1. Work out the charge dipole of the chain with +1 on the Cβ of Lys and Arg and -1 on the Cβ of Asp and Glu about the Cα centre, then indicate which of W271, A254, A174 is farthest towards its positive end.
2. Which lysines have a Cα less than 17 Å from the Cα of K22, not counting those fewer than 8 places away in the same chain?
3. Report the charge-dipole magnitude of the chain in Debye, nearest 20, computed about the Cα centre from +1 at each Lys and Arg Cβ and -1 at each Asp and Glu Cβ.
4. How would you rank 77-88, 274-285, 132-143, highest first, on the average number of other Cβ atoms within 10 Å across their residues?
5. For the charge dipole of region 34-86, defined by +1 on Lys and Arg C-beta atoms and -1 on Asp and Glu C-beta atoms about the Cα centroid, which residue among W70, V53, Q82 has the Cα displaced farthest towards the positive pole?
6. Which aspartates and glutamates have a Cα less than 16 Å from the Cα of K80, not counting those fewer than 8 places away in the same chain?
7. Taking the Cβ of S129 as the centre, find all other residues whose Cβ is under 11 Å away and add up their charges (Lys, Arg: +1; Asp, Glu: -1).
8. Whose amide H sits under 5 Å from the amide H of I77, counting only residues 5 or more places off or on another chain, with H placed in the peptide plane?
Amino acid sequence: MQASVERLHDGTQEAYRHLAAKARWVRQTVLEMAVKAGSGHVSTAFSQTELLVALYYGGILRYDPQNPKWAGRDRFILSKGQGGIGLYPILADVGCFPLADLDNFTGRGSILGVHAEWGIPGVEILTGSLGHGLPMATGIAQVGLMEKKDWLVFCLLGDAELYEGSNWEAAFFAGHKGYPNLICIVDRNGQGTLGYTDRVAGPNDGPRLEPLDQKFAAFGFETRVIDGHSFAEIFEAFADVRHRTTRKPLVVIANTKKGKGASAIEDRRLWHYRVPSGEDLERTRAELRPGSPA
């Protein structure tokens, strides 16, 4: 069974250009879905784009789009469920469900809501309120080890989600038990719903999460810190995930920018719930057209 649709983690510039084109297409699609629906977390979807593109198109994640419940698949948990709008185009593009379904995002009878839910082909679970994804991923990792399975559990978290204590309870347990099959990814875009997580410039900012890598290390994780928009660094971080010899769970802290690729919203506060319109929309569309500066 193939690991993914394409294996592009050979380090060539051609491969990276292909992945960059996919990332641009994902952002374009997310933008138009949100504009049509009048809702959707555009900025959080943009920060995670390269991570998801690498996982699904780059041969990191093992899955079968024609059989989303294939027993040998890796389990991918989108803990930051509000990022579902950024996952749907990829799942449709690889063949989990028709691309036409994207046109009815949040519409009557649609399977695609603002938060990714169980029942959408390619989505493992409904993570519900933030803070539930890592605990569930930890439990699934326990099952995998008990049943001697070779699949991995990937869990993508938002950094502000780490304000939830349930994550640290799960991290404490995972580090204590030693789950080498648990791969935690933090979309470290530096923002929460209303403010920054490590820059205190206003009343809604903080508390600080840094030093985040040291916090995870204290809970027994192997830690790696990367640029979450660099395909070269992403593939380097995940190159050995199936062959690690340590008994520690792994966390990849991916430094990203909320709203990456759209200067009107990139790293700007208060865009968590907003959809670009007017001049902001036209500016973003122009920036995402092929041939425009990345």
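No value in this document is a laboratory result; all are computed from the given coordinates. Everything numeric here is computed off the predicted structure, so don't read it as measured data. So basically every Cβ, Gly included, is an ideal-geometry build from the backbone, and we count neighbours across all protein chains shown.
1. A174
2. K260
3. Charge dipole, the chain, about its Cα centre: 220 debye, nearest 20.
4. Going from most to least packed, we get 77-88, 132-143, 274-285.
5. Farthest towards the positive pole: W70.
6. Answer for K80, where 16 Å is the Cα cut-off: E50, E117, E124, D159, E161, E164, D187, listed by chain and number.
7. Residues near S129 contribute -2 overall.
8. Result for I77 returns F154, C155, L156.
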